[in-house]
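S.K.: This is the structure, below, for whatever I ask next.
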Amino acid sequence: MNLFSTFDPSTGIMSINWISMMMPTLMIPIKYWNNMNKISLTMEKINMLMFNEIKSSMKTKGSSIMMLSLMMYIMLTNINGLLPYSFTSSSHLSFSLALALPMWLSSMIFGWMKKPKHMLIHLIPSGTPTVLMPFMVMIESISNLIRPGSLAVRLSANMIAGHLIMALLGSNSPYMMMMMMLLMMLMMFELAVSMIQAYVFMTLINLYSSEI
């Protein structure tokens, strides 16, 4: 043994001298190696912006994550329907109603079981004359019952309308080259509608749940 034997790579039977070069890479966090692209950065900025907005209006702890996930799922589904030869599932009531009905029904069941007095207060707005109270209860009850249907119809109708216009303009048109610019504008418009409808759906669900 000499003074420089500690630098010998063959020292020991199961030496990890050269393997030690990889140890620093294992200790570095995984985010150090992930270079986020523009799409990922944009999605992260949208998530943080919407998360702060939802969090300020939500009264139930933890619901902001669920609302944000719902909005992102609907938005990505709508955008996916704009791709050629793809199925637009958000244009069907079976899709939109399956999202709206459980969210509305769960909030109603929770409200009537936990806070029935608070739910009854919402049936009669403040300042309503005594004579009109029975009619206001009926009107508020009906408007409350049709909320999931209006949410589902709004989402499906908006997705159907734009797709029908684009299909009518682009199907066997003799002036296809002249309508190319119009179709591109409609495509950008439908992209904006896909994002706005996801935001509107999430916002209305958020407002309905915040009343409880």
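S.K.: Kindly indicate whether any position in the range 15-38 is modelled with pLDDT of 75 or more and of a type outside the set (Phe, Trp, Tyr).
M.R.: yes
S.K.: Separate question: State yes or no: is Ser107 in contact (Cβ under 8 Å) with a residue 12 or more places away in the chain and either under 24 Å from Met202 (Cβ atoms) or surrounded by 11 or more Cβ atoms within 10 Å (Cβ to Cβ) (or both)? Break it down stepwise before answering.
M.R.: On the way: in contact (Cβ under 8 Å) with a residue 12 or more places away in the chain: yes; either under 24 Å from Met202 (Cβ atoms) or surrounded by 11 or more Cβ atoms within 10 Å (Cβ to Cβ) (or both): yes.
So Ser107 passes the test.
S.K.: Something else about it: Among the residues of the range 80-102, which ones are more than 29 Å from Leu145 (Cα to Cα) and either among the acidic types (Asp, Glu) or in a loop (DSSP other than H, G, I, E, B) (or both)?
M.R.: Answer for the range 80-102, where residues must be more than 29 Å from Leu145 (Cα to Cα) and either among the acidic types (Asp, Glu) or in a loop (DSSP other than H, G, I, E, B) (or both): Gly81, Leu82, Leu83, Pro84, Tyr85, Ser86, Phe87.
S.K.: Specify which of the listed residues (Met48, Met58, Met66) is modelled with pLDDT of 70 or more and within 18 Å of Tyr208 (Cα to Cα).
M.R.: Working: Met48 fails: within 18 Å of Tyr208 (Cα to Cα); Met58 fails: modelled with pLDDT of 70 or more.
Of Met48, Met58, Met66, the one residue that is modelled with pLDDT of 70 or more and within 18 Å of Tyr208 (Cα to Cα) is Met66.
S.K.: So, of the residues in the range 162-194 that are part of a helix (DSSP H, G or I), of a type in the set (Gly, Ala, Ser) and modelled with pLDDT under 85, which turns out to be nearest to Gly81 (Cα to Cα)?
M.R.: Restricting attention to the range 162-194, the residues satisfying the condition of being part of a helix (DSSP H, G or I) are 162-170, 180-194.
The next check asks that each one be of a type in the set (Gly, Ala, Ser); those that pass are 162, 167, 170, 192, 194.
The next check asks that each one be modelled with pLDDT under 85; those that pass are 162, 167, 170.
Details: Gly162: 11, Ala167: 13, Gly170: 16 Å.
Looking at the filtered set, the residue picked out is Gly162.
S.K.: Being surrounded by 10 or more Cβ atoms within 10 Å (Cβ to Cβ) and outside any loop (DSSP other than H, G, I, E, B) is the filter here, so list the residues in the range 113-126 that pass it.
M.R.: If the condition is that a residue be surrounded by 10 or more Cβ atoms within 10 Å (Cβ to Cβ) and outside any loop (DSSP other than H, G, I, E, B), then Lys114, Pro116, His118, Met119, Leu120, Ile121 are the ones that fit.
S.K.: Can you tell me which of Glu211, Glu140, Glu190 is in contact with a Gly (Cβ under 6 Å, 6 or more places away or on another chain) and either of a type in the set (Asp, Glu) or farther than 27 Å from Leu105 by Cα (or both)?
M.R.: None of the others qualify; the one that does is Glu190.
S.K.: When you scan the range 138-158, do you find a residue that is assigned to a helix (DSSP H, G or I) and over 30 Å from the mean Cα position of the chain (by Cα), even just one?
M.R.: yes
S.K.: So Pro102 clears everything in (1) under 24 Å from Leu207 (Cα atoms); (2) crowded, with 18+ Cβ neighbours inside 10 Å except one condition, right? Which one?
M.R.: The single condition Pro102 does not satisfy is (2).
S.K.: Now, a different point. Only one of (1) loosely packed, with under 12 Cβ neighbours inside 10 Å; (2) at pLDDT 80 or above is not met by Pro129, so which one is it?
M.R.: All conditions are met except number (2).
The values are calculated or read from the model by the stated rules, or taken from the named source; none is laboratory data. Not measured: the values here are computed from a predicted model. Note: ideal-geometry Cβ built from the backbone for every residue, glycine included; neighbour counts use all protein chains shown.
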